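Chemist: Here it is, the structure in full.
The values are calculated or read from the model by the stated rules, or taken from the named source; none is laboratory data. Predicted, not measured: the structure shown is a model, and the values here were computed from it. Cβ atoms come from the backbone with ideal geometry, glycine included; neighbour counts cover every protein chain shown. The area values use the complete protein model at the heavy-atom level, side chains included, leaving out ligands, DNA and RNA. Shrake-Rupley method; radii C 1.70, N 1.55, O 1.52, S 1.80 Å.
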Amino acid sequence: DGGITQSPKYLFRKEGQNVTLSCEQNLNHDAMYWYRQDPGQGLRLIYYSQIVNDFQKGDIAEGYSVSREKKESFPLTVTSAQKNPTAFYLCASSFGAERGETQYFGPGTRLLVL
Amino acid sequence: DQQVKQNSPSLSVQEGRISILNCDYTNSMFDYFLWYKKYPAEGPTFLISISSIKDKNEDGRFTVFLNKSAKHLSLHIVPSQPGDSAVYFCAASAGNNNDMRFGAGTRLTVKP
């Protein structure tokens, strides 16, 4: 089955800890994205990558880091510098980043701070 | 600032009737609009889109209307079915996918 997967479904972070959210796709998509959703707000773009070994900051990149070493994988690290990490995180991918290229979303990871 | 707003957090409709979900935007540069549907425990899935050169796009039971002068778009579902119960997100873009702006979503419940 082709698709995009995220793990874990729930993740707990202690104060001062870095945590990494996984995103994998087997759709052969070049572009991948990370979004954050907070209650009552729309999805906000954290980082995106249009091709392997390249990524760009989105609107709210502070306190986050990413890597794109493989086409299939785009992990997101929530660092201790992110002071308000509790949110629902969605990963997406598309064939290209151009308008009209449909984004396919994973099921999301909910991050909670202990 | 929220450039895309869905002012109704929830909507309840009887099966067989019309569902109308609304979305307003503030950025006049937006020229491509989309609707996504999200079921619990799943990611959003693309439903329908419209370019600003059109004012209507139809796909089966789903029709999106765009009113550029009012900066408003709506999604009509006719007839509504219980399987349509989901959260619907409106999105708008002035460029590529990395410029996409999303609304907060409207939860639609279709009652049998």
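Chemist: Does segment B:85-98 contain at least one residue that is exposed (fewer than 15 other Cβ atoms within 10 Å of the Cβ), of a type outside the set (Ser, Thr, Tyr), within 14 Å of another protein chain (Cβ to nearest Cβ) and in a loop (DSSP other than H, G, I, E, B)? Break it down stepwise before answering.
Modeler: Just the residues of segment B:85-98 that are exposed (fewer than 15 other Cβ atoms within 10 Å of the Cβ), to begin with: B:95.
In the following step, the residues that additionally are of a type outside the set (Ser, Thr, Tyr) were identified as B:95.
Next, only the ones that are within 14 Å of another protein chain (Cβ to nearest Cβ) stay: B:95.
Cutting the leftovers down to in a loop (DSSP other than H, G, I, E, B) gives us B:95.
Scanning segment B:85-98, I find at least one residue that is exposed (fewer than 15 other Cβ atoms within 10 Å of the Cβ), of a type outside the set (Ser, Thr, Tyr), within 14 Å of another protein chain (Cβ to nearest Cβ) and in a loop (DSSP other than H, G, I, E, B), so the answer is yes.
Chemist: Go through (1) touching a residue at least 60 places away in the same chain (Cβ under 8 Å); (2) outside any strand (DSSP E or B); (3) within 11 Å of chain B (Cβ to nearest Cβ); (4) of a type in the set (Gly, Ala, Ser) for A:SER93 and report which single condition fails.
Modeler: For A:SER93, the failing item is (2).
Chemist: I would also like to ask the following. Starting from residues that are assigned to a loop (DSSP other than H, G, I, E, B) and open to solvent by 10 Å² or more (accessible area, probe 1.4 Å), keep the ones in segment A:97-110 and report whichever is nearest to B:PHE46 (Cα to Cα). If you could, list the steps in order and put the result at the bottom.
Modeler: The initial filter retains those residues of segment A:97-110 that are assigned to a loop (DSSP other than H, G, I, E, B), namely A:97-103, A:106-108.
Right, trim to open to solvent by 10 Å² or more (accessible area, probe 1.4 Å) and you get A:98-102, A:107.
Numbers: A:GLU98: 15, A:ARG99: 13, A:GLY100: 11, A:GLU101: 10, A:THR102: 7, A:PRO107: 14 Å.
Across segment A:97-110, the extreme among qualifying residues is A:THR102.
Chemist: Just one of B:ARG17, B:ARG61 is more than 10 Å from chain A (Cβ to nearest Cβ) and out of contact with any helix residue (DSSP H, G or I) (no Cβ under 9 Å at 6 or more places or on another chain); which is it?
Modeler: Details: B:ARG61 fails: out of contact with any helix residue (DSSP H, G or I) (no Cβ under 9 Å at 6 or more places or on another chain).
The conditions single out B:ARG17.
To keep it simple, each residue is scored yes or no on (1) open to solvent by less than 50 Å² (accessible area, probe 1.4 Å); (2) of a type in the set (Ser, Thr, Tyr); (3) more than 10 Å from chain B (Cβ to nearest Cβ).
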{"position": "A:GLY3", "(1), (2), (3)": "yes, no, no"}
{"position": "A:ASP30", "(1), (2), (3)": "no, no, yes"}
{"position": "A:TRP34", "(1), (2), (3)": "yes, no, yes"}
{"position": "A:ASP54", "(1), (2), (3)": "no, no, yes"}
{"position": "A:TYR64", "(1), (2), (3)": "yes, yes, yes"}
{"position": "A:GLU72", "(1), (2), (3)": "no, no, yes"}
{"position": "A:GLN82", "(1), (2), (3)": "yes, no, yes"}
{"position": "A:LEU112", "(1), (2), (3)": "no, no, yes"}
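Chemist: Which of the residues belonging to segment B:41-56 are in contact with a Leu (Cβ under 8 Å, 6 or more places away or on another chain) and not β-branched (Val, Ile, Thr)? Explain how you work it out, then say what you get.
Modeler: First, pick out the residues of segment B:41-56 that are in contact with a Leu (Cβ under 8 Å, 6 or more places away or on another chain): B:43-44, B:46-50, B:52, B:54-56.
Within segment B:41-56, B:GLY43, B:PRO44, B:PHE46, B:LEU47, B:SER49, B:SER52, B:LYS54, B:ASP55, B:LYS56 meet the criteria.
Chemist: Please give the number of the condition B:PHE33 fails out of (1) buried (at least 19 other Cβ atoms within 10 Å of the Cβ); (2) touching a Leu at 6+ places or on another chain (Cβ under 8 Å); (3) facing chain A (nearest Cβ under 9 Å).
Modeler: The one condition B:PHE33 does not meet is (3).
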